[in-house]
Amino acid sequence: MKLPQKDSATFRALVTFLQTVIALLVVVLAMPEFTEVVKKFYPDALPAIAILTTIVTFVWNVIRKDVKNY
């Protein structure tokens, strides 16, 4: 299996995914009321935010001409 290069669209999308997940975890741990609101009204929102952020980042970097993929 070939791993993505450091400056590729795939690598950037993976890094953005990890950053989003870490940021969401920090918010969840820092604000317990946020967790209650999300569980009550938007239970599927947290994974969707991380996944959609990754997809948008990947598409954005694939469209850019100066970023190679792999």
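The values are calculated or read from the model by the stated rules, or taken from the named source; none is laboratory data. Quick caveat: nothing in here was measured; it's all calculated off a predicted structure. In case anyone asks, the SASA skips ligands and DNA or RNA and just uses the protein heavy atoms, side chains included. Shrake-Rupley method; radii C 1.70, N 1.55, O 1.52, S 1.80 Å.
Annotations for the structure displayed:
- Value in Å of the Kirkwood radius, where the range 2-42 supplies the Cα pairs that are averaged: 11.9 Å
- Rolling a 1.4 Å probe over the protein chains gives THR54 an accessible area of about 30 Å².
- For the chain, accessible area per residue (1.4 Å probe, heavy atoms of protein chains only), Å²: 79 Å²
- Fraction of accessible area attributable to carbon and sulfur, the chain (%, probe 1.4 Å): 73 percent
- Using θ = phi - 60° and Karplus 6.51 cos²θ - 1.76 cosθ + 1.60, couplings along the range 10-26 (whole Hz; Gly, Pro as x): 5, 4, 4, 5, 5, 5, 5, 4, 5, 5, 5, 4, 5, 4, 5, 5, 4
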